[in-house]
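Enquirer: Take a look at the following structure, please.
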Amino acid sequence: MPKHISRLIILLVTFGAAAYAAKVFFTADSFYAYGHYRGKSVAEIASDKPKYKGSEYCQSCHAERYAEWSKGVHHSVEIGKVVQCEVCHQAAGGRDAGGMFQHVATGIDHPASGKLPVPTDSLKLCPLCHEKMPGRPAEQRQIVIATHAGTQQCTACHNPHSPRMIVVAGAAAGQAETGAMGKAAICAGCHGGEGVSVNPVWPNLAGQHSAYLVDALKAYRTGARQSAMMSATAAGLSDADIQSLSDHYAAMKLKVAASAAGSASAAAGKAKADTCATCHGAEGVSGNPAWPSLAGQQKDYLVGALKAYQEGVRKNEIMAGMAKGLSDADIDALATYYSSATVH
Amino acid sequence: MAVKAVVPEAHAATGPTPPPAIPGYDWTQHRWGFGVDATKCIGCLRCVEACKRENDVAADAHHFRTWVERYVYLEGEDKPRIDSHHDPVNIEASGSEGEYRFANRYKDAKVEKAFFVPKLCNHCTHPACVQVCPTGATYKTEDGVVLIDHNYCIGCQYCVQACPYGARFFNERKQVTDKCTWCYHRITKGLQPACVEVCPVGARIFGDLKDKQSPISQFIRNNRTYVLRPESGNAPNVYYVGIDKDVV
């Protein structure tokens, strides 16, 4: 064989051997195990740690919230609509430091990793799903934020874990019993079983004059007095219902703790209250049954009511005149005084 | 020549390869499929957020494994207006690139028809992206999922170009391409993909096509479903209900 040919062959063989060695050396063991890829990468990707743990995970520790939620409309399993805890509170699973694509099986879970965030701005959260918007299917319950809530937080009225109002649920299902006691159970969701409301922006009813309560409920029913919460409820009440409910609450004794009684603000309020006393009574218990007593009423509700008269949102000629001259500080002082005034 | 011949030999010597070592999971028992019911989607974008958190996708507007498109037909216009969470108007409404929200931009417009369409990787039966990959970094698994081996990806982005659905993107931080895995790390543990888990209205359906009672089998059986761009020959595996001809 001529020398140059054998050299060429040696060169080619050497090159082939080197290429083969390189191939063997550089190809991962598992390449071609299942196809033209590294077989081990499948199990590597599958070993990544899930971060969304599911709502059942929360049950053992947050039993109360879980129970509330699972009975509420945000857990409508029967129609396949469930708003999971982690949608509002973020994922509870391990957060891997260092950013993207950490295919790792580490990362600690809540609660060891810290508290989960509690949404503070429900005006941002809830409209994600409930703002009325073209393209949203009609079955999704939607509201026009400006007219439904304004700038009020949704959580002021709705419980995020069980947002449907008791009253709406009862009325919609036609379950409202006819007797006053049956209806009072609906009212109790907001005004409390003892006539002391569960939210300081809602009024106490216990011990209020019956005649005033009747007027108020009829005003809601006709629309003369407007309230997102009361209008729908009052619309379903008959005259007889209104009378018996009003008597029911009027007969109750208002039991509230007179907490801020001695404060400076309450004293300032007492000084301002002389003008009011003519109608609402020296101690906040009015002498005319058609005029409301104010003693022991929720402070936030009183503030809201006086501002509503000022702004003309709640219409009453007498009170519009009375409220017009009051400054914010006056309103606060008066509300503190009346809310702390002891009853009877 | 020699190089090629050797490999199947080595393969044959070990006998049939056992399935990948995933605890409690045998990939020969499953073939996954995905459904989207666009008539239910409310455009809340919780799926986009959950996907990003679950998969450590950059919390900005332009990297995402799943997204939702809004189609709006205004009176007198014959083409829909299409936007998604990365539209500047929507970024402004959400307040930052790391939060996702559709702005209520058509509330005063005369809207003839509008709907939302969730989108994601179609995990095609004949994926063009896998064909063009020069390194074997992306592949189709036995159970029907297209995955990316980030250790083997060289970031050439041929696959990004090849995908007819725009489902892939480039991950600058890791210098690799990236896309939806149907949450392979969840489904192999018996969980639902994160987007399906958080969807509040059941617009996303996932399950095993081999199980005739699974949600996805029932979804396909009980509805007239469509796939996107069937003419591309990729044979996609995300089945849609409630879309029209303008959705591709």
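Enquirer: What about residue B:139, is it of a type outside the set (D, E, K, R) and buried (at least 23 other Cβ atoms within 10 Å of the Cβ)?
Expert: Yes, satisfied.
Enquirer: Something else: Taking helices (runs of 4 or more DSSP H) that do not extend beyond the range A:79-162, which have at least 1 residues that are within 15 Å of the chain's Cα centre (by Cα), modelled with pLDDT under 90 and more than 10 Å from chain B (Cβ to nearest Cβ)? Step through it out loud before you land on a result.
Expert: Numbers: elements: A:85-89, A:122-125, A:127-130, A:145-148.
Fully inside the range A:79-162 and qualifying: A:145-148.
Enquirer: When the residues of the range A:1-60 are filtered to those that are in contact (Cβ under 8 Å) with a residue 24 or more places away in the chain and in a helix (DSSP H, G or I), which remaining residue is farthest from the chain's Cα centre (by Cα)?
Expert: Going through the qualifying residues, I end up with A:44.
Enquirer: Also, I was wondering about something else. When the residues of the range B:57-108 are filtered to those that are under 23 Å from the mean Cα position of the chain (by Cα) and of a type in the set (A, V, I, L, M), which remaining residue is surrounded by the fewest Cβ atoms within 10 Å (Cβ to Cβ)?
Expert: B:82
Enquirer: Please find, among A:264, A:308, A:277, A:258, the residue that is modelled with pLDDT of 90 or more and more than 17 Å from residue A:227 (Cβ to Cβ). Can you show your working first?
Expert: On the way: A:264 fails: modelled with pLDDT of 90 or more; A:308 fails: more than 17 Å from residue A:227 (Cβ to Cβ); A:258 fails: modelled with pLDDT of 90 or more.
Testing whether each residue is modelled with pLDDT of 90 or more and more than 17 Å from residue A:227 (Cβ to Cβ) leaves just A:277.
Enquirer: Among B:190, B:144, B:155, which is within 18 Å of the chain's Cα centre (by Cα) and of a type outside the set (Phe, Trp, Tyr)?
Expert: It is B:144.
Enquirer: If I filter the range B:147-181 down to residues being among the aliphatic types (A, V, I, L, M) and in contact with a helix residue (DSSP H, G or I) (Cβ under 6 Å, 6 or more places away or on another chain), which single residue comes out as least open to solvent (accessible area, probe 1.4 Å)?
Expert: B:147
Enquirer: Does the range A:28-36 contain at least one residue that is more than 7 Å from chain B (Cβ to nearest Cβ), among the aliphatic types (A, V, I, L, M) and within 30 Å of residue B:55 (Cβ to Cβ)?
Expert: Taking every residue of the range A:28-36 in turn, at least one turns out to be more than 7 Å from chain B (Cβ to nearest Cβ), among the aliphatic types (A, V, I, L, M) and within 30 Å of residue B:55 (Cβ to Cβ).
Enquirer: While we're on this one: Can you tell me how many residues in the range B:110-129 are hydrophobic (A, V, I, L, M, F, W, C) and in a strand (DSSP E or B)? Quick ask: steps written out before the conclusion?
Expert: Of the range B:110-129, the ones hydrophobic (A, V, I, L, M, F, W, C) are B:111, B:114-117, B:120-121, B:124, B:128-129.
Add one more test, that the residue is in a strand (DSSP E or B), and what stays is B:111, B:114-117.
Total meeting the criteria: 5.
Enquirer: Moving on to the next point. Looking at the range A:198-206, is at least one residue at pLDDT 80 or above, of a type in the set (A, V, I, L, M, F, W, C) and touching a Leu at 6+ places or on another chain (Cβ under 7 Å)?
Expert: Yes - at least one qualifying residue is present in the range A:198-206.
Enquirer: Further question: Can you run down the residue pairs with Cβ atoms below 7 Å, 6 or more apart or on separate chains, where the first is in the range B:15-34 and touching a residue at least 40 places away in the same chain (Cβ under 8 Å) and among the basic types (Lys, Arg) and the partner is surrounded by fewer than 20 Cβ atoms within 10 Å (Cβ to Cβ) and in a loop (DSSP other than H, G, I, E, B)?
Expert: Hits for this filter: B:31/B:209; B:31/B:210.
Enquirer: While we're looking at this one, here's another question. Between residues in the range B:69-92 that are more than 11 Å from chain A (Cβ to nearest Cβ) and residues that are small (Gly, Ala, Ser) and open to solvent by less than 30 Å² (accessible area, probe 1.4 Å), which pairs lie under 6 Å by C-beta distance while being six or more apart or on different chains?
Expert: Filtered contacts from the range B:69-92: B:86/B:61; B:89/B:103; B:90/B:103; B:91/B:61.
Enquirer: Here is a follow-up. List pairs: first in the range B:151-175 and among the aliphatic types (A, V, I, L, M), second surrounded by 20 or more Cβ atoms within 10 Å (Cβ to Cβ) and part of a strand (DSSP E or B), Cβ under 7 Å, 6+ apart or cross-chain?
Expert: Close Cβ pairs (under 7 Å, with a partner that is surrounded by 20 or more Cβ atoms within 10 Å (Cβ to Cβ) and part of a strand (DSSP E or B)) amount to B:160/B:177.
Enquirer: Residues that are away from every other protein chain (no Cβ under 11 Å), in contact with a Gly (Cβ under 9 Å, 6 or more places away or on another chain) and of a type outside the set (D, E, K, R), at least 3 per element: which helices (runs of 4 or more DSSP H) completely within the range B:137-248 meet that?
Expert: B:215-222
Enquirer: For residue A:42, state whether it is within 30 Å of residue B:198 (Cβ to Cβ), among the aliphatic types (A, V, I, L, M) and facing another protein chain (nearest Cβ under 10 Å).
Expert: It is true that residue A:42 is within 30 Å of residue B:198 (Cβ to Cβ), among the aliphatic types (A, V, I, L, M) and facing another protein chain (nearest Cβ under 10 Å).
Enquirer: Then there is this: Taking the range B:99-136 as the search range and keeping residues that are touching a residue at least 12 places away in the same chain (Cβ under 8 Å) and of a type in the set (Lys, Arg), which one is farthest from the other protein chains (Cβ to nearest Cβ)?
Expert: B:119
The values are calculated or read from the model by the stated rules, or taken from the named source; none is laboratory data. Just so you know, these numbers come straight off a predicted model, no measurement behind them. When we count neighbours, we look across all protein chains shown, and the Cβ atoms used for this are built from the backbone with ideal geometry, even at glycine. Calculation scope for accessible area: heavy atoms of the full protein, side chains included, ligands and nucleic acids excluded. Shrake-Rupley method; radii C 1.70, N 1.55, O 1.52, S 1.80 Å.
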